[in-house]
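Just below is one structure, and these are the notes that go with it.
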Amino acid sequence: MLRPRVKPEHSGYRTVDGKVRLGSVVYGIGVEIDDPDGWVWALVEALDGSRTAGEAARLVAAAHPAVTAAEAEQAVAELAEAGHLEDLAAPAPALSAREQERYSRGVPLLRWLDRGPRRSAWEMQERLCASRVLLVGLGGTGGYAAHALVASGVGHLHCVDPDTVELSNLNRQPLYRESDLGRPKAEAAREALRAVNSQVEVSCGRTRVTGPQDVTALLGAPALPYDLLLLCADRPPEIRRWANAACLASGTPWIDGGYRGPLASMGVYVPGSGPCWVCLRAGEVERRELALAPGQDEEAASPRMPWNPVTAVTAGLSGLLIAHAATALLTGAPPMEPGFRYGINLAALEEPDVERHPRRPDCPACGAGASG
């Protein structure tokens, strides 16, 4: 870094017991540093973007005998590695003036969430603007996810949904209006999404997924591969298993999500890193079976109904959780360890629903038991 400074969102403060805090400890992002001699705080103040790391280190060492210039400069390197600094001399982003204005509110959040060494927060927005995403299912979950990603500046979004807009969709599917009744969802969604952000390449098709070969075909269709698959459809019931198999075969990271009653959730999977969907599903089935009386079916623990009860709130939560996870995987902010499910239960807001299970060596999808 030529002219390092503490990120504005990570600005520090001192505590009464002689510590320095950076990066909003209350949000689980920051760090707390012991500073009995006061030189760490002096270094934080010196890192304002007007000096090189060496200049800041020498300034602090001259005023604080407890630290050498080399030690202070090493501290600068450690703060940069932890993601608390940015370079005020970083080159201008490779984005137009219009794009910079459009994304000027989102970039500071990426900078806040980021925990890695980067010269500029615009690197993450540039990565997002260059990304290619496939989204399956343009209902409530998919509609909110698509809208959020297009507004955030994903480079190319291709969506598929075979259905037409029905009156019962309008209580939770944000891309459609009463005037869209009877229209193909793909057509109405493309029109709505392009109106949100004309700088994003949006395409939509009416493909119906009937088997794993359809997911494979969608992933392999474009000349340039997709960076991510978002599965926002829950029918047919086997669709997650198909997506898992296709993504393992192609090496494509993927996210699924949806709602069941008051629980809105999403899952994150990256081939070769952590458990796959089948591993996670097997672990959850075992957990539920341990709690069920003999003779009880696993579905009794989470019954399915002909129509899934839903409002715009539960659909919106699931779609926005997916969009957040997608942004995290595409930009690296915040860092996200894949192979988990996360949910928000509106019936018990004080109890977040997090599901993690280890990868299974004998998994029939990703382990030694996999065929082919």
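Axis angle, to the nearest 10 degrees, between helix 185-196 and the longest C-alpha principal axis of the chain: 20 degrees. In a reduced charge model with +1 at each Lys and Arg Cβ and -1 at each Asp and Glu Cβ, the range 131-355 shows a dipole moment near 500 debye about its Cα centre.
When the helices of the chain are scored as -39500 (n - 2.57) per DSSP H run of n ≥ 4 and the total is divided over every residue, the value at 222 nm lands at -11000 deg cm²/dmol. Put the Cα centre of the range 1-40 next to the Cα centre of the range 63-115 and the gap is 13 Å.
Given R0 = 56 Å, the distance between the Cβ atoms of residue 104 and residue 287 translates into a calculated FRET efficiency of 0.80. With contacts taken as Cα pairs under 8 Å at a separation of at least 6 residues, the range 131-355 carries a relative contact order of 23 percent. Cα centroid distance between the range 179-218 and the range 307-339, in Å? Taking the Cα centre of each part, the range 179-218 and the range 307-339 sit 19 Å apart. With R₀ set to 51 Å, the beta-carbon distance separating residue 195 from residue 66 gives a calculated FRET efficiency near 0.30. Straightening the chain between residue 97 and residue 336 buys 83.0 nm, computed as 0.36 nm per residue apart minus the Cα-Cα spacing. Distance between the pseudo-spin-label points of residue 208 and residue 170 (7 Å out from Cα toward the beta carbon): 2.6 nm.
Only the coordinates and a few stated rules stand behind these numbers; no lab work does. Since this is a predicted model, take the numbers as computed values, not measurements. FYI the Cβ positions are ideal-geometry reconstructions off the backbone, even for glycines, and counts take in every protein chain you see.
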